[in-house]
1. Regarding GLY64, is this residue over 16 Å from the mean Cα position of the chain (by Cα), in contact (Cβ under 8 Å) with a residue 60 or more places away in the chain and on the phi > 0 side of the Ramachandran plot?
2. Can you work out which of the residues in region 48-70 that are in contact with an Asp or Glu (Cβ under 6 Å, 6 or more places away or on another chain) and small (Gly, Ala, Ser) is surrounded by the fewest Cβ atoms within 10 Å (Cβ to Cβ)?
3. Cβ-Cβ below 7 Å, separation at least six or inter-chain, first residue in region 87-98 and more than 20 Å from ILE77 (Cβ to Cβ) and at pLDDT 60 or above, second of a type outside the set (A, V, I, L, M) and surrounded by 10 or more Cβ atoms within 10 Å (Cβ to Cβ): which pairs?
4. Among the residues of region 234-244, count how many are in contact (Cβ under 8 Å) with a residue 24 or more places away in the chain and either out of contact with any strand residue (DSSP E or B) (no Cβ under 9 Å at 6 or more places or on another chain) or crowded, with 24+ Cβ neighbours inside 10 Å (or both).
5. Give the residue that is surrounded by the most Cβ atoms within 10 Å (Cβ to Cβ), with candidates limited to residues of region 260-310 that are more than 22 Å from the chain's Cα centre (by Cα), among the aliphatic types (A, V, I, L, M) and modelled with pLDDT under 95.
6. Can we say LEU203 is within 22 Å of ALA107 (Cβ to Cβ), in a loop (DSSP other than H, G, I, E, B) and touching a residue at least 24 places away in the same chain (Cβ under 8 Å)?
7. In this structure, is GLN214 crowded, with 17+ Cβ neighbours inside 10 Å, assigned to a loop (DSSP other than H, G, I, E, B) and polar (S, T, N, Q)?
8. Taking the conditions exactly as written (surrounded by fewer than 24 Cβ atoms within 10 Å (Cβ to Cβ), modelled with pLDDT under 95 and touching a Gly at 6+ places or on another chain (Cβ under 7 Å)), does MET45 satisfy them or not?
Amino acid sequence: MLIDLHAKSDVGRVRRGNEDNFLLLDLTTPQTWSGSDGPENPAEMNQFPLGERGLVLVVSDGMGGALAGDVASRMAIEAVHDVLMGKHVDGAGCEPDASLLDCLKHATMQANRNIHYKSLEDSRCSGMGATLTGAAIKGDKLDLVQVGDSRAYVMRGQQIRLATKDQSLVQQLVDVGQISEEEAETHMFRNVILQALGAQTELAPATARIQIRQGDMLLLCSDGLSGKLRNEEIRQIVADSNGDLAAACDALVAEANHRGGEDNITVVLARFTGEELREASADRITVELPPLEEDKTLDETETEADTSPD
């Protein structure tokens, strides 16, 4: 399978600093690109074959006063990298027979501990935290891990599917029917998240799985993008870029800035191609949830609309 990759992180039009970060980690080579490395995409990561160890993509949105948000998101990215590469200082890493998803979850828990203890030890970092949305790609499986409200979308043909659910107060209000999706977009508490790295010692990351099909695209982003563009607008901008992922990232960021750019904006975009991938029988995108997280019957999941409400 061939992977085409690009990422972009932008400070926006209002904030003084960028508290977002991202990580692209090819575990086989290993080649790495993070937001801390600068804006230039390594040529080796423009397009490459997926190795047997897999690929991990992460977006993290930091929060906290002064520079603490930047510290938190950077620590999240570094912890994921170090644990997956077996470089964590306390020797923590992945078991040899662990799945890539389990390794990413383990790394997420380590990131949570690192940020939490740092916030306790350093008064300048008190109360800091970060979101984390990560993708583990191995074979034709795409596994997602989420803490907070950074998002993952999957695009197939003419369809786009929000593959994660925001761990936020307004999403909870939507789920119980107290407000509508439209009201959630402008709700005064729309930025209140229910779970973040560093907030406490215990964490319960949400997970999901998607079977990758020929030509599928994955987009990870911070809420600086998802808070400004609806699902179909994202899909259309990507489609209008005619397969140029760098141009698509630039256009998405530019549009979010055009609509105010009050927050930092980060986008990671990946495309999957190769003869070994099955052709999609339809544009339907099915998100598989683990048994303990499922709140729907199998029939409800299979008949669910392919695009979440805008």
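The values are calculated or read from the model by the stated rules, or taken from the named source; none is laboratory data. Model, not experiment: these values are computed from the prediction. Backbone-built Cβ (ideal geometry, glycine too); neighbour counts: all protein chains shown.
1. Details: over 16 Å from the mean Cα position of the chain (by Cα): yes; in contact (Cβ under 8 Å) with a residue 60 or more places away in the chain: yes; on the phi > 0 side of the Ramachandran plot: yes.
In short, yes.
2. Here the answer is GLY69.
3. Note: no pairs meet the criteria.
4. 2
5. Among those residues, the one meeting the criterion is ALA280.
6. Yes.
7. no
8. Details: surrounded by fewer than 24 Cβ atoms within 10 Å (Cβ to Cβ): yes; modelled with pLDDT under 95: yes; touching a Gly at 6+ places or on another chain (Cβ under 7 Å): no.
No: the conditions fail for MET45.
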